[in-house]
1. Which of the residues belonging to the range 115-160 are of a type in the set (Phe, Trp, Tyr) and either part of a helix (DSSP H, G or I) or over 17 Å from the mean Cα position of the chain (by Cα) (or both)?
2. Testing LEU112 on (1) modelled with pLDDT of 80 or more; (2) surrounded by fewer than 18 Cβ atoms within 10 Å (Cβ to Cβ); (3) at negative phi; (4) over 14 Å from the mean Cα position of the chain (by Cα), one condition comes back false. Which one is that?
3. Hey, any hits in the range 42-61 for a residue that's among the aromatic types (Phe, Trp, Tyr) and either on the phi > 0 side of the Ramachandran plot or out of contact with any Ser or Thr (no Cβ under 7 Å at 6 or more places or on another chain) (or both)?
4. Within the range 135-161, track down each residue that is basic (Lys, Arg) and at pLDDT 85 or above.
5. Look at the range 80-91 and say how many of its residues are farther than 19 Å from ASN54 by Cβ and in a strand (DSSP E or B).
6. Taking only pairs six or more apart or across chains, which ones have beta-carbon atoms under 7 Å, a first residue in the range 143-160 that is surrounded by 10 or more Cβ atoms within 10 Å (Cβ to Cβ), and a second residue that is of a type outside the set (S, T, N, Q)?
Amino acid sequence: MSKKNKKEKNNNISSGEIVKNKKALFNYELLEKYEAGIVLLGTEVKALRERAVNMSDSYASFKKGELFIVNMHISPYNFGNRNNHEPLRERKLLMKKREIKRLLGKVKEQGLTLIPISLYFSKGKVKVELALAKGKKLHDKRETLKRKTLDREMERYIKKY
C-alpha cells in the first residue's frame, strides 16, 4: 500500500475539518462568516488532531482591542505530561486590526454575537470559522424543527416511490 493510499485511509486530518458547532446553527441565525487563526499550545494541537474538543457553549469576546474565544473545551492530551494545557482557557484569535474593529462596532451597535461555527486545519494551521449571529426566538426554533421533520418525511417518501 503506497503512502498516498494510507493518508486517504486515515482521512488526512491535517487538511480537514475537526469539529462543527451544530448547536450554534440551531440556536442562532447566521448573518456573516469570517475566518480567524487561533493561538494554541502544542498539546492543544495534538488534542485537536484526536478531535477532543467541544464548542457547544463557546463564543468570542473582545478584551483591550483583541479578540478571544471563551468556553471552548479542548480536552487534555492523553500523552501529555505536567505541562499539559488547561481545558477551558481563553484563546486569542488572530485577525487583522481593521476586521476586529469592524466586528466590534457591529457587535456593540446591533446587539449581535460572535459564535465559532467550525474548527479546521488549513495548510497545517488551525483555523476557526466565526459567524456574526442573532439569537433565534423559541417559535423560530420550533419552525426549524418542523421544517427538518418535513424534509425527512419527503426524502423517505421519495425513496419509497
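1. Residue satisfying the conditions is TYR157 alone.
2. For LEU112, the failing item is (2).
3. No, that holds for no residue.
4. Within the range 135-161, ARG142, LYS146, ARG147, LYS148, ARG152, ARG156, LYS159 meet the criteria.
5. So the answer is 0.
6. Taking only residues 6 or more apart or on different chains, the pairs are THR144/PHE26.
Each row is one residue, and each column tells you yes or no for (1) among the β-branched types (Val, Ile, Thr); (2) in a loop (DSSP other than H, G, I, E, B); (3) more than 15 Å from TYR120 (Cβ to Cβ).
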{"residue": "GLY37", "(1), (2), (3)": "no, no, no"}
{"residue": "LEU40", "(1), (2), (3)": "no, yes, no"}
{"residue": "THR43", "(1), (2), (3)": "yes, no, yes"}
{"residue": "LYS46", "(1), (2), (3)": "no, no, yes"}
{"residue": "ARG51", "(1), (2), (3)": "no, yes, no"}
{"residue": "PHE62", "(1), (2), (3)": "no, no, yes"}
{"residue": "ILE69", "(1), (2), (3)": "yes, no, no"}
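The values are calculated or read from the model by the stated rules, or taken from the named source; none is laboratory data. Note that the coordinates shown come from a computational prediction; the quantities given were computed from them, not determined experimentally. Cβ sites come from the backbone with ideal geometry, for glycine too, and all protein chains shown count toward neighbours.
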